[in-house]
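Below is one structure, written out as structure tokens; the observations come after it.
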Amino acid sequence: FAKFDHAMPPPKWMMVNLFERAAEDISSRTEQFSFRCLLMAAWAFITVRHADSGLWIRLANAMKPSLPNARPMEILKVAWVLNFAGIRQNHLFHELASAAMLHLGNFKAYE
């Protein structure tokens, strides 16, 4: 839906309902999703500007244990999503910084 609206706008109520239901479902069982699935969901929610700070914090907390094994671009995406969502929790950004330090030599110029 995020890119489709240029050709034919979807009904806004449908998109809102879809993302609200998905947010409820995903945030109630984050432990069942892989790090990459949670990151993809977070990216989708931020793309449609879904405003739910509780969702962002639950997704970030669920992703924290996997951060040391995340690729540099994934760490950047998590930081970007949290920043864009307006989440200002120092402990989350500290975890991201610690994970990034593990990969400092692996960041590419285009990342």
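The values are calculated or read from the model by the stated rules, or taken from the named source; none is laboratory data. Since the model is a prediction, treat every value here as computed from it, not as a measurement. Quick reminder, even Gly has a Cβ in these numbers, built from the backbone with ideal geometry, and neighbours come from all protein chains shown. The protein model used for the area step is the full one, side chains on, heavy atoms only, and it has no ligands, DNA or RNA in it. Shrake-Rupley method; radii C 1.70, N 1.55, O 1.52, S 1.80 Å.
Here are a few things to note about the model shown:
- Segment ASN69-HIS94, length gained on full extension (0.36 nm per residue, minus Cα span): 7.4 nm
- Working note: Karplus 6.51/-1.76/1.60 with θ = phi - 60° gives region 76-81 the couplings 4, 5, 4, 4, 5, 4 Hz, where Gly and Pro are set to x.
- For MET101, the accessible area of its heavy atoms, probed at 1.4 Å with every protein chain present, is near 130 square angstrom.
- GNM result for the chain, Cα springs below 10 Å: residue of ASN90, ASN61, ASN69 fluctuating most strongly: ASN90
- Note that the chain carries a Kirkwood radius of 14.8 Å, evaluated over its alpha carbons pair by pair.
- Carbon/sulfur fraction of accessible area - the chain, other protein chains in place, 1.4 Å, %: 59
- Ligands, DNA and RNA are left out, and with a 1.4 angstrom probe the accessible area of the chain is 64 Å² per residue.
- Taking every lysine pair in the chain that is 8 or more places apart or spans two chains, those with Cα atoms closer than 26 Å amount to 5.
- Cβ-placed point charges (K, R +1; D, E -1), dipole of the chain about Cα centre in debye, nearest 20: 160
- Within the assembled protein chains, the solvent-accessible surface assigned to ILE57 is about 40 Å², based on a 1.4 Å probe.
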